[in-house]
Every structure is written in structure tokens, then in C-alpha cells.
1. Considering only segment 53-75, I want to know if a residue exists there that is in a helix (DSSP H, G or I) and touching a strand residue (DSSP E or B) at 6+ places or on another chain (Cβ under 6 Å).
2. Within segment 185-212, count every residue that is open to solvent by 40 Å² or more (accessible area, probe 1.4 Å) and part of a loop (DSSP other than H, G, I, E, B).
3. Might you let me know whether segment 103-122 holds any residue that is within 16 Å of the ligand (Cβ to nearest atom), farther than 22 Å from Leu31 by Cβ and part of a helix (DSSP H, G or I)?
4. Is there a residue being away from the ligand (no atom under 12 Å from the Cβ), open to solvent by less than 40 Å² (accessible area, probe 1.4 Å) and not in a helix (DSSP H, G or I) anywhere in segment 164-184?
5. I want to confirm something. Restricting to segment 1-28 and keeping residues that are in a loop (DSSP other than H, G, I, E, B) and more than 10 Å from the ligand (Cβ to nearest atom), which single residue is most open to solvent (accessible area, probe 1.4 Å)?
6. Is there a residue in segment 134-141 that is open to solvent by 20 Å² or more (accessible area, probe 1.4 Å) and touching a strand residue (DSSP E or B) at 6+ places or on another chain (Cβ under 7 Å)?
7. Being under 16 Å from the mean Cα position of the chain (by Cα) and within 21 Å of Asp162 (Cβ to Cβ) is the filter; apply it to segment 123-137 and report the residue that is farthest from the ligand (Cβ to nearest atom).
8. Take Val33 and tell me if it is open to solvent by less than 10 Å² (accessible area, probe 1.4 Å) and away from the ligand (no atom under 16 Å from the Cβ).
Amino acid sequence: MNVGVLVSGRGTNLQALIDRSNRGELGPARLAVVGCNVPDCPALSRARAAGLPTFVVDHRDFSARAGFDRTLATTLRAHQVDLVVLAGFMRVLSGEFLDAFPGRVINIHPALLPAFAGKRAQMQAHEAGVKIAGCTVHFVDGGVDTGPIIAQAAVLVQEDDDEEALRARILSEEHRLLPSVVRAIAEHRVVLEDRKVRILAASPGGDALRSL
Ligand code: GRF
């Protein structure tokens, strides 16, 4: 299964995918290409350092979202991408893009959805004073962070956590969860029925999707 990763910034989740892939732990998933809407972002350097093909589609070159989305989809298809992973990709994708990859676009969000959707999720969680926080990998639908939930990982909030400490604890779970979901999808263990996701068991010695 060819995976296209879309990024906009730092790229630590991309790095987690690269590291797992280099260790032969992504199952049948193969990182085929990394696409970015921000020229020269650190994530692109990580992709290049790993020897992955990259491309940039700068949203500022387009007067409307449709053109940007179409170019993105066409470029991913040219790389024979089967699964699109949004790993810190900071653009909302249109229905037209999603129709090009039906049920094949996933996103990682740094909160336990449906709580704290949208921007600055960790800050929202910190300000709400929650005692358990975490991250979610979900299928992307037309809304913002509203698609069917595939897997979640929880972290305990410590009494003296500031927003940054909480962000870091969630991020390390993101790095574990996202590659495991990509592998599970590539192994055809993720079943979407009626907007609910069922995960089939991993084979012995495989990668279980652990929430805690
Ligand atoms: C992560 O917190 C992810 O959950 C959110 O954007 C951030 C990307 O971080 N969607 P990185 O670029 O992978 O380091």
C-alpha cells in the first residue's frame, strides 16, 4: 500500500513513520511520497534526508481552494498513492479531494476527539483542566476533525503540567499511534461500517493498537 504523507511544518510525526518504516515495522505500507504546502518547511528536509520523493504545492499560488486541492490530488495519484496521511497538514481539504481518495484519507489530531477539535487542541485541553488527554487518528470527512475515529491514545495530565509539558506527552503518543494505524490499514485490519471503525486483531507478534 503506497502512502502519501502531507505535511506543513515540523514533521515529527512524519519522522516517526520514517523510523518505523526503516525498522521494517510498517507492514505492507510503503512511504511513497511526501507533499507539502509550505516550501522549505523542516518536514520536507526530514523527507529528503530519508531519501523519499517530495513535492510542494504552495496554496498561495492558487486563487481558490479547488485548484489547490485538484493539483494536490493529481500529484498524489501520479505517485500511485493509495492512502493519504495528514501529519500536521494545516489545510482543510475539500470534498473534491476526498472523493479522489474515498475512505483513504486519515489525520492525526492532538486531543481525544470529539473533545477539543480545531486549532490549539492541547491548549484547549489544558485550559479545560481535563485529567486525561491524548490524541486521535481519524478518517477525514468534510468537517474539521469530525470523521470516524480509528484509534486513540490517552495520557494522564500531571498536576504541574503546563501547556508545553502536556503537548510533549501527547506528541510522544502520537508518534506511537500514527504508524500503528497506518500499518493496521495496510494490513486491512481497519473496517469502516456506518461511520464506526472496527479494528481486527493483529496476527501473533503483530502490532496491537493500544489506547493506554
Ligand atoms: C501534531 O500535534 C498533530 O497532531 C497535529 O499537528 C502536529 C504536527 O506535528 N495535527 P509534527 O509536524 O508532526 O511535528
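The values are calculated or read from the model by the stated rules, or taken from the named source; none is laboratory data. This is a predicted model, so every value here is computed, not measured. So basically every Cβ, Gly included, is an ideal-geometry build from the backbone, and we count neighbours across all protein chains shown. All accessible areas refer to the heavy atoms of the entire protein, side chains included, with ligands and DNA or RNA removed. Shrake-Rupley method; radii C 1.70, N 1.55, O 1.52, S 1.80 Å.
1. yes
2. Pass one, segment 185-212, residues open to solvent by 40 Å² or more (accessible area, probe 1.4 Å): 187-188, 192-196, 198-201, 203-205, 208-212.
With the extra rule that they be part of a loop (DSSP other than H, G, I, E, B), the set shrinks to 187-188, 194-195, 200-201, 203-205, 208-212.
Result for segment 185-212: 14.
3. Yes, segment 103-122 contains at least one residue that is within 16 Å of the ligand (Cβ to nearest atom), farther than 22 Å from Leu31 by Cβ and part of a helix (DSSP H, G or I).
4. There is no residue in segment 164-184 that is away from the ligand (no atom under 12 Å from the Cβ), open to solvent by less than 40 Å² (accessible area, probe 1.4 Å) and not in a helix (DSSP H, G or I).
5. Within segment 1-28, the subset in a loop (DSSP other than H, G, I, E, B) is 1, 8-11, 23-28.
With the extra rule that they be more than 10 Å from the ligand (Cβ to nearest atom), the set shrinks to 1, 23-28.
On the way: Met1: 48, Arg23: 144, Gly24: 63, Glu25: 65, Leu26: 4, Gly27: 40, Pro28: 68 Å².
Looking at residues that are in a loop (DSSP other than H, G, I, E, B) and more than 10 Å from the ligand (Cβ to nearest atom), I get Arg23.
6. Within segment 134-141, the subset open to solvent by 20 Å² or more (accessible area, probe 1.4 Å) is 140-141.
Right, trim to touching a strand residue (DSSP E or B) at 6+ places or on another chain (Cβ under 7 Å) and you get 140.
Yes: segment 134-141 contains one or more residues that are open to solvent by 20 Å² or more (accessible area, probe 1.4 Å) and touching a strand residue (DSSP E or B) at 6+ places or on another chain (Cβ under 7 Å).
7. Step one: of segment 123-137, the residues under 16 Å from the mean Cα position of the chain (by Cα) are 134-137.
Filter once more, keeping what is within 21 Å of Asp162 (Cβ to Cβ): 134-135.
Values: Gly134: 11, Cys135: 6 Å.
Across segment 123-137, the extreme among qualifying residues is Gly134.
8. Values: open to solvent by less than 10 Å² (accessible area, probe 1.4 Å): yes; away from the ligand (no atom under 16 Å from the Cβ): yes.
Criteria met by Val33.
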